Amino acid sequence: MVGGRRTSFGGKLLESVIGALTLKGLTECPYREYRQHQGDMFDTANERLLISNYPYTTIFGTPGRREYYIKSPEWQGELECKFQNTGGSTDEKMLYVAETLRRGDEDHLVVVHGGDWWEDKRGKHIIKWMKRESESLRDQYGKQLVVLDVPGFFKWANKTWQ
C-alpha cells in the first residue's frame, strides 16, 4: 500500500469489495480497535462491522489473520479476496482457505475471486472444486463456504443487506 491506498490489482479487488459493503452500511474497524472497545460501542444487536486483520488459528496451529470478519445481524463470518491474472500460487491457496474453514472454529467464509486467470481452464477447475468443497463442508460439517466472482459478490451483498 502506498500513501494509504491499495495499489495492486488484488488490493483494488479488496477495495471494491469493502467499498460495496460500506455502501451497505457496514463500518470498517481494525481488530485491535474492536477488541479494545468490545462490550461498549460495538456491543449492540444492530452492529454492522467489517473487522480487518481478524485472527484465526491456521491448520498448523499457529496464529493467522483473515483479511476481514463481517459481523452483522444479516450475516456473520470471514471474508477473503483472491485476485489472479496469471498462473501461480493463489489457486493453491484456495485449497488452504477451504481447509482452514473445515478445521477452524468459524462456520462461515465468503471467498471473492477476481482476475482473468479464474476464466482460464485450470482456474475454472479450481472454482468448480471450491463449489463442490462448499457442498461437502455444508453436508459434513454444517459450515458455509460462499465462493463468488465479483459480479456474484455484488448480487450476494445486495441480497444479504437489502
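A few remarks follow.
- The set of residues from region 7-29 being at pLDDT 90 or above, within 25 Å of W117 (Cα to Cα) and of a type in the set (G, A, S) comprises S16, G19, A20.
- When residues of region 61-100 are limited to those that are among the hydrophobic types (A, V, I, L, M, F, W, C), at pLDDT 90 or above and outside any helix (DSSP H, G or I), the one farthest from the chain's Cα centre (by Cα): W75
- Residue within region 101-111 that is under 16 Å from the mean Cα position of the chain (by Cα), in a helix (DSSP H, G or I) and among the charged types (D, E, K, R) present: yes
- The residues on offer are R138, R122, R132, and the sole one that is in contact with a Gly (Cβ under 8 Å, 6 or more places away or on another chain) and among the basic types (K, R) is R122.
- Residues in region 51-70 that are touching an Asp or Glu at 6+ places or on another chain (Cβ under 6 Å) and either within 20 Å of G25 (Cβ to Cβ) or of a type in the set (V, I, T) (or both): I59, E67, Y69.
- Members of region 99-144 found to be of a type in the set (A, V, I, L, M, F, W, C) and under 19 Å from W75 (Cα atoms), listed by number: L101, L109, V110, V111, V112, L137
- Of residues in region 114-130 being of a type in the set (D, E, K, R) and part of a helix (DSSP H, G or I), the one surrounded by the fewest Cβ atoms within 10 Å (Cβ to Cβ): K121
- Top-ranked residue of region 131-162 - restricted to ones that are among the polar types (S, T, N, Q) and in a helix (DSSP H, G or I), ranked as surrounded by the most Cβ atoms within 10 Å (Cβ to Cβ): S134
The values are calculated or read from the model by the stated rules, or taken from the named source; none is laboratory data. Note that this is a predicted model, so its numbers are computed, not measured. Every residue, glycine as well, gets a Cβ built from its backbone with ideal geometry; the counts of neighbours run over all protein chains shown.
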